[in-house]
Amino acid sequence: MSGDNTRDPQTCAIIGAAIEVHRVLGCGFLEAVYQEALAKEFLRLGIPFRREVELPILYKGDRLDVTYKADFVCYEEVVVELKALDKLSGKEKAQLINQLS
């Protein structure tokens, strides 16, 4: 993103949907609850998405037999991963970094 305060409208819509789900439900639920609510919010807002999408993992150009399952893929390009935790541990941080790679 550039430094001129421009925002990607798709990303803003996704974040806005997540904020709305958290505003309505608050904290304390399992990820599955937030995932279902977020799917309903995406539908309400007309955000195109696929849920629990298996994505390939490549190792040195070779596709592994195991896959990564993303909670959502929105607009066919934005991976959305939900976490329902008080605080991210080192393990969750490492997972998120790997998912972004």
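The values are calculated or read from the model by the stated rules, or taken from the named source; none is laboratory data. Since we're looking at a predicted model, the values are computed, not measured. Positions of Cβ are backbone-derived with ideal geometry, glycine not excepted, and every protein chain shown enters the neighbour counts.
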Region 1-21 - residue that is closer than 21 Å to Glu77 by Cα and part of a loop (DSSP other than H, G, I, E, B) and, of those, modelled with the lowest pLDDT: Met1
Subset of region 84-101 [exposed (fewer than 10 other Cβ atoms within 10 Å of the Cβ), touching a strand residue (DSSP E or B) at 6+ places or on another chain (Cβ under 9 Å) and not hydrophobic (A, V, I, L, M, F, W, C)]: none
Candidate set: region 17-58, residues that are β-branched (Val, Ile, Thr) and touching a strand residue (DSSP E or B) at 6+ places or on another chain (Cβ under 6 Å); chosen: the one surrounded by the most Cβ atoms within 10 Å (Cβ to Cβ): Ile47
Pairs, first more than 18 Å from Pro9 (Cα to Cα) and of a type outside the set (Phe, Trp, Tyr) in region 36-63, second part of a helix (DSSP H, G or I) and modelled with pLDDT of 95 or more, C-beta under 7 Å, six or more apart: Ala37/Val21; Ala37/Leu25; Arg51/Ala39
Check on Glu81, surrounded by 12 or more Cβ atoms within 10 Å (Cβ to Cβ), acidic (Asp, Glu) and touching a helix residue (DSSP H, G or I) at 6+ places or on another chain (Cβ under 7 Å): yes
